[in-house]
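Student: Pasting a structure here, questions to come.
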Amino acid sequence: MTYQFDFAALLPYWREFAMGVWLTLQLSFVATVLGFVLGTLCAIGRSDGAPWVKALVACYVEVIRNTPLLVQIFIIYFGIATLGLHVDANVAAVLALVVNVGAYTSEIVRAGLESIHKSQLEAAECLGLSRPQTYWHVIVRPAIERVYPALTSQYVLLMLASSITSQISAEELTAVANRIQSDTFRSFETYIVVGVLYLALSFVVRIAFWLFGLVVFVRRRKLGTAL
Amino acid sequence: MSAVVSLTNVEKSFGAVKVLNGVSFEVARGEVAAVIGQSGSGKSTALRCINALETIEGGQIMVCGHAVHDPKLDKKTLRRDVGIVFQSYNLFPHLTAEQNIMLAPTCVKGIGKAAARDLAREVLARVGLEAKADHFPEQLSGGQQQRVAIARSLAMQPKLMLFDEVTSALDPQLTGEVLKVMEDLARGGMTMILVTHEMAFARKVASKVIYMHQGTVWETGPGAMLDDPKTPELRAFVGSGL
Amino acid sequence: MPTFTLIHFQFLCWAALWTVGLSAIAFVGGGLVGFGVALARISSTRWVRILATAYIQVVQGTPLLILLFLFYFGIAIVGFKEVPAIFAAGLGLTIYSSGFLAEIWRGCIESVPKTQWEAAECLSLSRWQRLTRVILPQAMRIATAPTVGFLVQIVKNTSLASVVGFVELSQAGKLVNNSIFEPFTIFMVVAAIYFVLCYPLSTWSRSLERKLNVGRR
């Protein structure tokens, strides 16, 4: 093996790398927040909605979970264009990620909702709580607390999967890397650096979720239940 | 009207099984009624019907002036007047003892946080658990959890309290502390209906004992009736239970 | 202007076979490596455990896209000049699958109650015998549903092999699109084919899970 590694050639590009990391974080953050809202609403709709809502959500979840994100991205990106609208690649990227992670979130949250025992509802009902109050205080909050670890893993995966949006030239870390490697011809080094950056990002995201959980879920903090 | 609760010919089936077959009894203000009977006699179902957790098929139930049998019943107002404590406590695991108690007063009655906290402290003191306010349910023993559940109901200042086999999941040692709280409540003049297996407690505290058998009220009378059963079924039941 | 015809559809179906083939490679390869890593993860030797944990963390913490790029460019560096794309794609997907399968299987092995290990030990079985005769047969029952579930992930993720130029279903879609430019139609058909491949696996996984839960009750 005679290959000479040359990471120094990438040094002048550190600003670009940093920008890529920042863009990926932004993209993931927006997709996580919106995806969480969409997914939670779908989960509630699927476990407690009208029959047609249940069917609609079930279809959505099955279609998304059984097709690749890459193809979903293409469909959304080109689909919007087919409608005659011009949309920025970044917007299409966020949209695709939200639609994708919303389906996974809804399945995770639904499992949480189903794990809440019926007696909890009775207790809330007997205390005179209204339906929305019961839903929020007794079902949704504890359900999300229960599935929080699974949600964390899902959103780390989302952050990693956001790399795929580089395929429609959305601005994020992998797209930045693709540009740098074609400028420098140091492809292997570039992707090693980017790989390490993603690895670091996945730890950062995990830690961020852990800290967030500490703030939001007091019980876990007090009882020292692992997040 | 002195009767806080009156059941008249109440009927209820689960599928083909007739669980309540014309149940009638009354409980007056300040009275403590103990409903006893074998499992499957319909006593828990009767209690759940009083709180509209089950809908009945026939008969009438009046609770604190609410027509519970009426399909147009406003369950929310009914439940402001009626508190219930379950066998399995049913505390909310993600909330502390205090938060469990504060939830309904703040949500339902719109009481402010600070006032609700004072209220929570007060009812916790009544069940002897003011020191455990910040504990989560899983940090408490079964008996303590059940006392918190009683406090949670008390915080809504109900006119009637229902107890559904509240000590059945507890070992004898912990049973004592819960029964003590209930006895204090009874002495304070609370109208109570309890489904129980604790014969000694029924004999001592109850002003009225209702023996249910095969979905009907088989025999009813004061606590002393347990010492002198009239029907062979109650005699057999008292004999086997103790 | 040419439109989407049966010929294009046939081309996509042919490419779907490559998707299946690549999935099989990734599953078998990933399964072999992943099984080893899972065993290493529960090894009695500390540093073996640490190494296996690190491997899993790195694989699960790096996007598959980057793994594929690394293998694509890495193989060229090692000295093979003209590597077929299937080699890079197969290797990348194998490593990716192994990281996830290892973690899934470790969970299954550890979900067998500790008392089973103790009981086997008291029968004076060796550690290997305890594992192969007592623990693994029970763990395998638990592992079937999540493993089939992960197979769906593999099939979907083979779509990323298109970035290193391997012609599977997604890449075929892109190629057809280059010639007739009807992206929406084409990728809807591509998605439908993926769905046909994945949906039975998802359903199967769910029914396995249900059976297992019933059996445990």
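Student: I need a count of the residues in segment A:105-115 that are closer than 30 Å to B:Ala52 by Cβ, open to solvent by 20 Å² or more (accessible area, probe 1.4 Å) and out of contact with any Ser or Thr (no Cβ under 8 Å at 6 or more places or on another chain).
Tutor: Within segment A:105-115, residues that are closer than 30 Å to B:Ala52 by Cβ, open to solvent by 20 Å² or more (accessible area, probe 1.4 Å) and out of contact with any Ser or Thr (no Cβ under 8 Å at 6 or more places or on another chain) number 1.
Student: If you don't mind, there's one more thing I want to ask. Can you name every one of the helices (runs of 4 or more DSSP H) wholly within segment A:119-191 that holds 1 or more residues which are open to solvent by 10 Å² or more (accessible area, probe 1.4 Å), within 14 Å of chain B (Cβ to nearest Cβ) and out of contact with any Pro (no Cβ under 6 Å at 6 or more places or on another chain)?
Tutor: Correct list: A:131-134, A:141-161.
Student: What pairs come up if the first residue lies in segment B:5-22 and is within 13 Å of B:Val63 (Cα to Cα), the second is in a strand (DSSP E or B) and open to solvent by less than 20 Å² (accessible area, probe 1.4 Å), and their beta carbons are under 7 Å apart, counting only those six or more places apart or on different chains?
Tutor: B:Val5/B:Val27; B:Val5/B:Val63; B:Val5/B:Leu160; B:Val5/B:Ile193; B:Leu7/B:Val23; B:Leu7/B:Phe25; B:Leu7/B:Ile61
Student: If you take the residues of segment B:42-96 that are in contact with a Leu (Cβ under 8 Å, 6 or more places away or on another chain) and of a type in the set (D, E, K, R), which of them is farthest from A:Arg141 (Cα to Cα)?
Tutor: Only one residue tops the list, namely B:Asp81.
Student: Checking B:Cys107 against (1) in a helix (DSSP H, G or I); (2) more than 9 Å from chain A (Cβ to nearest Cβ): exactly one of these is not met. Which one?
Tutor: (2)
Student: Would you tally the residues in segment A:51-85 being more than 7 Å from chain C (Cβ to nearest Cβ), more than 18 Å from the chain's Cα centre (by Cα) and either touching a residue at least 24 places away in the same chain (Cβ under 8 Å) or not in a loop (DSSP other than H, G, I, E, B) (or both)?
Tutor: 12
Student: Okay, next question. List pairs: first in segment C:108-132 and among the charged types (D, E, K, R), second open to solvent by 100 Å² or more (accessible area, probe 1.4 Å), Cβ under 7 Å, 6+ apart or cross-chain?
Tutor: C:Arg130/C:Glu121
Student: Let me ask something else. Among the residues in segment A:165-172, are any in contact with an Asp or Glu (Cβ under 8 Å, 6 or more places away or on another chain), within 29 Å of C:Lys174 (Cα to Cα) and modelled with pLDDT of 90 or more?
Tutor: Yes, because at least one residue in segment A:165-172 is in contact with an Asp or Glu (Cβ under 8 Å, 6 or more places away or on another chain), within 29 Å of C:Lys174 (Cα to Cα) and modelled with pLDDT of 90 or more.
Student: Checking the conditions here, which among A:Gly102, A:Gly35, A:Gly39, A:Gly20 is open to solvent by less than 50 Å² (accessible area, probe 1.4 Å), closer than 29 Å to C:Val190 by Cβ, in a helix (DSSP H, G or I) and modelled with pLDDT under 95? Reasoning before the result, please.
Tutor: Working: A:Gly102 fails: modelled with pLDDT under 95; A:Gly35 fails: modelled with pLDDT under 95; A:Gly39 fails: modelled with pLDDT under 95.
Exactly one of A:Gly102, A:Gly35, A:Gly39, A:Gly20 is open to solvent by less than 50 Å² (accessible area, probe 1.4 Å), closer than 29 Å to C:Val190 by Cβ, in a helix (DSSP H, G or I) and modelled with pLDDT under 95, namely A:Gly20.
Student: For segment B:26-63, give me the residue count where each residue is in a strand (DSSP E or B) and within 21 Å of B:Lys76 (Cα to Cα).
Tutor: Residues meeting the conditions: 4.
Student: Of the numbered conditions (1) closer than 30 Å to A:Val216 by Cβ; (2) out of contact with any Phe, Trp or Tyr (no Cβ under 8 Å at 6 or more places or on another chain); (3) aliphatic (A, V, I, L, M), B:Val68 satisfies every one except a single condition; which is it?
Tutor: With (1) closer than 30 Å to A:Val216 by Cβ; (2) out of contact with any Phe, Trp or Tyr (no Cβ under 8 Å at 6 or more places or on another chain); (3) aliphatic (A, V, I, L, M) applied to B:Val68, the lone miss is (1).
Student: Could you run through segment B:53-63 and say how many residues are open to solvent by 10 Å² or more (accessible area, probe 1.4 Å) and either of a type in the set (Val, Ile, Thr) or within 14 Å of chain A (Cβ to nearest Cβ) (or both)? Even if it seems obvious, please write down each step before you answer.
Tutor: Kept after step one, since they are open to solvent by 10 Å² or more (accessible area, probe 1.4 Å), are these residues of segment B:53-63: B:53-60, B:62.
Adding the requirement that they be either of a type in the set (Val, Ile, Thr) or within 14 Å of chain A (Cβ to nearest Cβ) (or both) leaves B:53-56.
So the count comes out to 4.
Student: Any chance segment C:133-144 includes a residue that's among the β-branched types (Val, Ile, Thr) and over 30 Å from C:Arg210 (Cβ atoms)? Explain how you work it out, then say what you get.
Tutor: Start the filter on segment C:133-144 by keeping residues that are among the β-branched types (Val, Ile, Thr), which leaves C:134-135, C:142, C:144.
Still in the running and over 30 Å from C:Arg210 (Cβ atoms): none.
No, the conditions are met nowhere in segment C:133-144.
Student: Taking C:Gln116 and the conditions (1) within 13 Å of chain A (Cβ to nearest Cβ); (2) under 19 Å from C:Ala143 (Cα atoms), which numbered condition does it fall short on, given that it satisfies the others?
Tutor: (1)
Student: Okay, next question. So C:Ser179 ticks every box in (1) of a type in the set (S, T, N, Q); (2) touching a residue at least 40 places away in the same chain (Cβ under 8 Å); (3) buried (at least 23 other Cβ atoms within 10 Å of the Cβ) but one. Which box is left unticked?
Tutor: Here C:Ser179 clears every test but (3).
Residue by residue, here is whether (1) within 11 Å of chain A (Cβ to nearest Cβ); (2) modelled with pLDDT under 90 holds:
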| residue | (1), (2) |
| --- | --- |
| C:Glu168 | yes, no |
| C:Ala172 | no, no |
| C:Ser179 | no, yes |
| C:Met188 | yes, no |
| C:Ala191 | yes, no |
| C:Cys198 | yes, no |
| C:Ser202 | yes, no |
| C:Asn213 | no, yes |
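Student: OK, next. Please verify whether segment A:102-125 includes one or more residues that are among the polar types (S, T, N, Q) and within 15 Å of the chain's Cα centre (by Cα).
Tutor: The initial filter retains those residues of segment A:102-125 that are among the polar types (S, T, N, Q), namely A:105-106, A:115, A:119-120.
Filter once more, so that each one left must be within 15 Å of the chain's Cα centre (by Cα): A:105-106.
Yes, some residue in segment A:102-125 is among the polar types (S, T, N, Q) and within 15 Å of the chain's Cα centre (by Cα).
Student: Given the criterion in a helix (DSSP H, G or I) and open to solvent by 20 Å² or more (accessible area, probe 1.4 Å), identify the matching residue among C:Ala161, C:Ala192.
Tutor: C:Ala192
Student: With the requirement that a residue be of a type in the set (Gly, Ala, Ser) and at pLDDT 95 or above, what does segment A:51-88 give you? Steps first, answer last, please.
Tutor: If we filter segment A:51-88 for residues that are of a type in the set (Gly, Ala, Ser), which is where we start, we get A:55, A:58, A:79, A:81, A:84.
If the condition is that a residue be of a type in the set (Gly, Ala, Ser) and at pLDDT 95 or above, then A:Ala55, A:Ala58 are the ones that fit.
Student: Condition first: surrounded by fewer than 19 Cβ atoms within 10 Å (Cβ to Cβ) and under 18 Å from B:Met212 (Cβ atoms). Now tell me which residues in segment B:21-47 satisfy that.
Tutor: Listed by number, the residues that qualify are B:Asn21, B:Gly22, B:Ser24, B:Glu26, B:Gln38, B:Ser39, B:Gly40.
Student: Name the residues in segment B:64-94 that are facing chain A (nearest Cβ under 10 Å) and either in a strand (DSSP E or B) or open to solvent by 30 Å² or more (accessible area, probe 1.4 Å) (or both), would you?
Tutor: B:Lys75, B:Lys76, B:Thr77, B:Arg80, B:Val82, B:Gly83, B:Ile84, B:Val85, B:Gln87, B:Ser88, B:Tyr89, B:Pro93
Student: Among the residues of segment B:60-84, write down those that are over 20 Å from A:Ile116 (Cβ atoms) and aliphatic (A, V, I, L, M).
Tutor: Residues satisfying the conditions are B:Ile61, B:Met62, B:Val63, B:Ala67, B:Val68, B:Leu73, B:Leu78, B:Val82.
Student: For the structure I just gave you, tell me whether B:Ala125 is open to solvent by less than 10 Å² (accessible area, probe 1.4 Å) and not in a loop (DSSP other than H, G, I, E, B).
Tutor: Criteria not met by B:Ala125.
Student: If you don't mind, another one. Tell me, please, whether a residue that is within 10 Å of chain C (Cβ to nearest Cβ), crowded, with 16+ Cβ neighbours inside 10 Å, assigned to a helix (DSSP H, G or I) and over 17 Å from the mean Cα position of the chain (by Cα) can be found in segment A:197-220.
Tutor: Yes, because at least one residue in segment A:197-220 is within 10 Å of chain C (Cβ to nearest Cβ), crowded, with 16+ Cβ neighbours inside 10 Å, assigned to a helix (DSSP H, G or I) and over 17 Å from the mean Cα position of the chain (by Cα).
Student: Looking at (1) more than 30 Å from A:Thr24 (Cα to Cα); (2) touching a Ser or Thr at 6+ places or on another chain (Cβ under 9 Å), find the lone condition where C:Leu22 falls short.
Tutor: For C:Leu22, the failing item is (1).
The values are calculated or read from the model by the stated rules, or taken from the named source; none is laboratory data. Computed from a predicted structure; not experimentally measured. Because the Cβ atoms are built from the backbone with ideal geometry, glycine has one as well, and the counts that use them run over all protein chains shown. Each accessible area value is taken on the protein alone, full model and side chains, heavy atoms only, with ligands, DNA and RNA left out. Shrake-Rupley method; radii C 1.70, N 1.55, O 1.52, S 1.80 Å.
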